[in-house]
Amino acid sequence: MFAWFLRLFGFIDTPTSTAMTFDARTESNINTLLPAAQAKAREFMEACLAAGIPLKIICGTRTYEEQDDLYAHGRTKPGPIVTRARGGYSWHNFGIAWDVGIFDGIRYIGESPLYAKAGEIGKSLGLEWGGDWPGIEDQPHFQLKLGLTLANCRERVAKGEAIA
Ligand SMILES: [Zn+2]
């Protein structure tokens with residue numbers, strides 16, 4: 001009755017969608033992904049938050065140019081090396097991958113058992129988890145499982161074909 005009253009007089013909106021929205025950083029990174037990856041990233045975020053994991057999506061898609069610029073850090077540009085991948089050699093160049101960060105309020109936590117917990121949730125949703133990669137374990141990394149290699153992805157991009 002009371003909720004009806006508030007709705008009638010415009011104090012609260014009538015719910016029009018059950019889709020959850022996340023923090024601004026997560027939302028802007030989700031928006032860089034392909035539609036199929038956006039849907040999965042939302043499902044994943046919702047499941048992690050429901051499990052009490054305080055995480056955000058801190059990285060989404062990078063263009064080849066942005067990747068090349070990152071690759072230059074610590075090589076032809078000053079600063080530390082931040083990536084092993086040139087443009088076209090990172091899963092982040094194809095709209096299907098994202099990285100998460102665990103946060104304590106606004107403080108980023110780089111090491112936490114919660115990354116592995118998020119990994120289990122991601123895998124239960126059919127995602128590929130970077131924490132499973134032998135030799136290059138990357139716990140914050142998640143992506144669609146498509147059965148493609150990076151070479152396949154580059155070839156599809158070069159031909160103007162869809163990735164997912
Ligand atoms: Zn990543």
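Numbers below:
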quantity: Table column - 3J(HN,Hα) (Hz), segment 73-87, Karplus curve with 6.51, -1.76, 1.60, x for Gly and Pro; calculated: 4, x, 10, 8, 10, x, x, x, 6, 10, 8, 9, 10, 7, x
quantity: Pair Ala50, Tyr64: separation of 7 Å Cα→Cβ label points (nm); calculated: 4.0
quantity: HN-Hα J in Hz across segment 90-103 - Karplus 6.51, -1.76, 1.60, θ = phi - 60°, x for Gly and Pro; calculated: 10, 4, 6, 8, 10, x, 10, 10, 8, 10, 10, x, 8, 10
quantity: Entries in Lys40/Lys117; Lys56/Lys77; Lys40/Lys159; Lys40/Lys123 that, when Cα-Cα distance is taken, lie over 19 Å; calculated: Lys56/Lys77; Lys40/Lys159
quantity: Radius, Kirkwood style, for the chain when every pair of distinct Cα atoms is counted (Å); calculated: 17.5
quantity: Top of Ile106, Ile30, Ile58 by mean-square fluctuation, Gaussian network on the chain, Cα under 10 Å; calculated: Ile106
quantity: Note, ³J(HN,Hα) from phi for segment 29-41, Karplus 6.51, -1.76, 1.60, rounded to Hz, x at Gly and Pro; calculated: 6, 4, 5, 7, 8, 5, x, 5, 6, 4, 4, 5, 5
quantity: Estimated inter-spin distance, Arg25 and Glu120, nm [label 7 Å along Cα→Cβ]; calculated: 2.5
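Values quoted throughout were computed directly from the atomic coordinates according to the rules given, and no laboratory measurement underlies them. What you see is a predicted model, and the numbers here were worked out from it, not measured in a lab. Every residue, glycine among them, receives a Cβ derived from its backbone with ideal geometry; neighbour counts consider all protein chains shown.
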